[in-house]
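The block underneath contains the structure these notes are about, expressed in structure tokens.
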Amino acid sequence: MAVKGGDIAKLLPKRAKCKECGFPTCFAFAMKVASGGADIDKCPYLDEETKEKIREMLAPPILPVTLGKGERAFVIGDEEVMFRHEKTFFHQPGIGILIKDTEPEGEWERKLKAVLEMSFERIGRTIRPDLAVLEASSGDEGKFLSLVKRALDSSPDLPLVFMAPVDLAAKAVEVCGADRRPLIYAVTKEDLDQHLPKLKELGVPVAVKGALEELPEVTEKLKEAGLKELVLDTGSRELWDAVKDQILLRRAALKQGFRPLGYPTITFPCFMAEDLEQQYLFAAAFVVRYAGIIVLSDFVEDYLYPLLTLRMNIYSDPRVPMTVEAKVYEINAPTPEAPVLVTTNFALTYFAVASETEATKVPAYLVVQDTEGLCVLAAWSTGKFSGETIGEFVKKAGLEEKVKSRKIVIPGLLARIKGELEDELPGWEVIVGPREASGLSAFLPDLAGRR
Ligand code: SF4
């Protein structure tokens, strides 16, 4: 729930138009503070307690938690909406692999390698998993700590979760250093008082495990101790119950503004199904329904790639079309005799055209024009993709000097701009290409044969 300027104004001192904050009235200042455009410190007449109260009101309904450090660090939480179409989801869930200290050391190596090295290219972006969850299941402290050291040796910045009794997890934090921001999993209502001083001293993110009704008491005590980077686990290990909990937590934080539950969550498909395929299906449900971290028992490329793709799609901003850089792409090492193809910078269109062209092995220049991410017809209907704009782009890109074939292929959907482009590019043969990118597989070899 967004904080209202009026609610902040009620807490301001209301000195008649003193303007020391730089605003004409207290109310104007309050409105600006509420929208994030001014700092509450700008009013010199507020005491610390009131400032803290206002900061609390302004805090995001689901607090952010940063895990890891360096290039691999990532943030979870800090979400504002129940449904992606209302605005966007901001911080995608971290995908983790579970490594138990009871597994053979060869498995430790294989799994660490998987989380560090598995990555995929998807419409111009690299997608990869995020973290390793190290579980102390042997009961042997030395064994767990050697797994921790192995993980630390494998990478200077792989985010880690220490799933162990809190005393042992604290030792692991001391081994790796608190600045690496590992997550301690997990403190409960029963052992909180015993561990609170140590957790306060370490200051790293902490997971809280307990039934929904127990969590607020624990999170409030942690918050009072200054620990605000918390991750919630309701302990549900049945899919439907776990998804329901995710929804209840999100609703409590966003719709009821209930701060004690305003933290990201961790989910465990790895403990919900033996079958790996089923784990990934459950993981997909948690991508859609609000998980902050999703833990799987293993990474298999054939399952991981679709899961990461789903995550990328759900966490892309629906208000911003995906784009690629507008420029001339050289495909299959074109010579001056190669034709020029034209399309827009909508990522899906570009990748469809580029991959189909590549597959034909026919050398070609691909002109990708900036249409602000609009597809061919939408760009044309808004005047962003026309004979005039294409002609201008071709001239600016220097293709008139570079390309001797003087053949330019326009998308079949835009056959109507043929004459317009011929006027813009005298001496060029404007050819109407296929309506769909899939048609290039037959069209391009045919065009090359005609040369
Ligand atoms: Fe009001 Fe404080 Fe601004 Fe003065 S400085 S106008 S008291 S908000």
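The values are calculated or read from the model by the stated rules, or taken from the named source; none is laboratory data. Predicted model only: the values in this text are computed from it and were never measured. Neighbour counts run over all protein chains shown; Cβ positions are idealised from the backbone, glycine included. Only protein heavy atoms, including side chains, enter the accessible area calculation; ligands, DNA and RNA are left aside. Shrake-Rupley method; radii C 1.70, N 1.55, O 1.52, S 1.80 Å.
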**Complete:** Taking the range 267-315 and keeping only residues that are touching a residue at least 60 places away in the same chain (Cβ under 8 Å), surrounded by fewer than 21 Cβ atoms within 10 Å (Cβ to Cβ) and in contact with a Phe, Trp or Tyr (Cβ under 9 Å, 6 or more places away or on another chain), one is left with S297, E301, Y305, T309, I314, Y315
**Asked** Out of all the residues in the range 1-24, which are assigned to a loop (DSSP other than H, G, I, E, B) and among the aliphatic types (A, V, I, L, M)?
**Response** M1, A2, V3, L11, L12, A16
**Asked** Does E86 fit the bill of being in the same structural domain as C270 (by TED's automatic domain parsing) and open to solvent by 80 Å² or more (accessible area, probe 1.4 Å)?
**Response** yes
**Item:** Residue check, V409 within 30 Å of E121 (Cβ to Cβ), buried (at least 21 other Cβ atoms within 10 Å of the Cβ) and out of contact with any Ser or Thr (no Cβ under 6 Å at 6 or more places or on another chain)
**Value:** yes
**Message:** Take the residues in the range 25-50 that are more than 8 Å from the ligand (Cβ to nearest atom) and part of a loop (DSSP other than H, G, I, E, B); name whichever of them is modelled with the lowest pLDDT.
**Reply:** G36
**Request:** Among residues belonging to the range 10-24 that are near the ligand (Cβ under 6 Å from one of its atoms) and not aromatic (F, W, Y), point out the one that is nearest to M57 (Cα to Cα).
**Result:** L12
**Fill in**
By residue number, the members of the range 124-183 that are open to solvent by 50 Å² or more (accessible area, probe 1.4 Å) and within 30 Å of A347 (Cβ to Cβ) are G124, R125, T126, R128
**Prompt:** Of the residues Y350, Y365, which is aromatic (F, W, Y), modelled with pLDDT under 95 and either more than 14 Å from L413 (Cβ to Cβ) or touching a Cys at 6+ places or on another chain (Cβ under 8 Å) (or both)?
**Reply:** Y350
**Item:** Residue selected from the range 33-51 under the condition without any contact (Cβ under 8 Å) to a residue 12 or more places away in the chain and within 37 Å of the chain's Cα centre (by Cα), by the criterion most open to solvent (accessible area, probe 1.4 Å)
**Value:** E49
**Prompt:** Has the range 317-335 got any residue that is at pLDDT 95 or above, open to solvent by less than 30 Å² (accessible area, probe 1.4 Å) and more than 25 Å from F89 (Cα to Cα)?
**Reply:** yes
**Prompt:** Where residues in the range 67-83 are open to solvent by 60 Å² or more (accessible area, probe 1.4 Å) and outside any helix (DSSP H, G or I), which of them is nearest to R311 (Cα to Cα)?
**Reply:** F83
**Message:** Restricting to the range 89-107, give me the number of residues that are acidic (D, E) and crowded, with 16+ Cβ neighbours inside 10 Å.
**Reply:** 2
